[in-house]
């Protein structure tokens with residue numbers, strides 16, 4: 001991956017924002033260049049094609065997720081604390097106007113996407129699901145959670161619920177996302 005100098009970081013920042021607000025086909029290099037006050041050619045210098053940019057962005061999200069997971073493990077956060085972090089992150093992104101989560105931002109166009117974007121999206125989604133399954137398993141073992149289905153199916157349900165809730169919240173408001181998070185907690189036997 002290209003070294004992340006300040007311009008590259010800004011390109012990824014705005015690409016991520018547009019991707020999560022508009023989806024893959026909802027933005028162009030022109031949108032990013034206008035925000036940064038640079039020419040499209042400057043973006044093409046780092047990312048010759050849009051697929052290169054979006055694949056790099058999703059890869060960067062995977063790296064950031066891995067860092068966050070390592071920090072939570074190092075600080076010995078409980079399963080509830082880790083899951084609350086995930087919920088807080090979803091709420092924070094929604095408050096920033098990002099109504100679509102990173103892996104969900106390309107789902108509508110998924111079949112038409114270049115393979116490198118599809119692959120990075122699947123890897124990011126798999127990383128999230130694997131982390132959630134581990135959190136749920138630890139929560140069951142520590143008595144923090146109580147549910148009957150497998151940790152794999154429950155982690156999928158959590159991701160599916162949050163993806164849908166974020167989209168619906170873009171129309172119905174933040175309270176929809178908050179209610180969905182509350183419902184997920186109830187389904188885990190999580191009583192505050």
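The values are calculated or read from the model by the stated rules, or taken from the named source; none is laboratory data. Given the structure is predicted, the values throughout are model-derived calculations rather than measurements. Here the Cβ positions follow ideal geometry from the backbone for every residue, glycine too, while neighbour counts run over all protein chains shown.
Taking every residue in region 177-192 that is free of Cβ contacts under 8 Å to residues at least 60 places away in the same chain and at positive phi and pairing it with any residue that is surrounded by fewer than 17 Cβ atoms within 10 Å (Cβ to Cβ) and assigned to a loop (DSSP other than H, G, I, E, B), at least 6 positions away or on another chain, the pairs with Cβ-Cβ distances below 9 Å are 189/146; 189/147. Within region 137-168, track down each residue that is in contact (Cβ under 8 Å) with a residue 12 or more places away in the chain and either in contact with a strand residue (DSSP E or B) (Cβ under 7 Å, 6 or more places away or on another chain) or not in a helix (DSSP H, G or I) (or both). Within region 137-168, 142, 144, 145, 146, 147 meet the criteria. For residue 91, the stated conditions do not hold, so it cannot be described as in contact (Cβ under 8 Å) with a residue 60 or more places away in the chain and under 21 Å from residue 63 (Cβ atoms). The single condition among (1) modelled with pLDDT of 90 or more; (2) under 30 Å from residue 174 (Cβ atoms); (3) not in a loop (DSSP other than H, G, I, E, B) that residue 118 does not satisfy is (2). Within region 171-187, can one find any residue that is at pLDDT below 95, in contact with a helix residue (DSSP H, G or I) (Cβ under 6 Å, 6 or more places away or on another chain) and part of a helix (DSSP H, G or I)? So far as region 171-187 goes, no, none of its residues is at pLDDT below 95, in contact with a helix residue (DSSP H, G or I) (Cβ under 6 Å, 6 or more places away or on another chain) and part of a helix (DSSP H, G or I).
Every listed requirement among (1) under 16 Å from residue 72 (Cβ atoms); (2) exposed (fewer than 14 other Cβ atoms within 10 Å of the Cβ); (3) without any contact (Cβ under 8 Å) to a residue 40 or more places away in the chain is met by residue 134 save one, (2).
Among the criteria (1) over 20 Å from residue 18 (Cα atoms); (2) not in a helix (DSSP H, G or I), the one residue 99 does not fulfil is (1).
Here residue 104 passes the criteria (1) out of contact with any helix residue (DSSP H, G or I) (no Cβ under 6 Å at 6 or more places or on another chain); (2) in a helix (DSSP H, G or I) except the one numbered (1).
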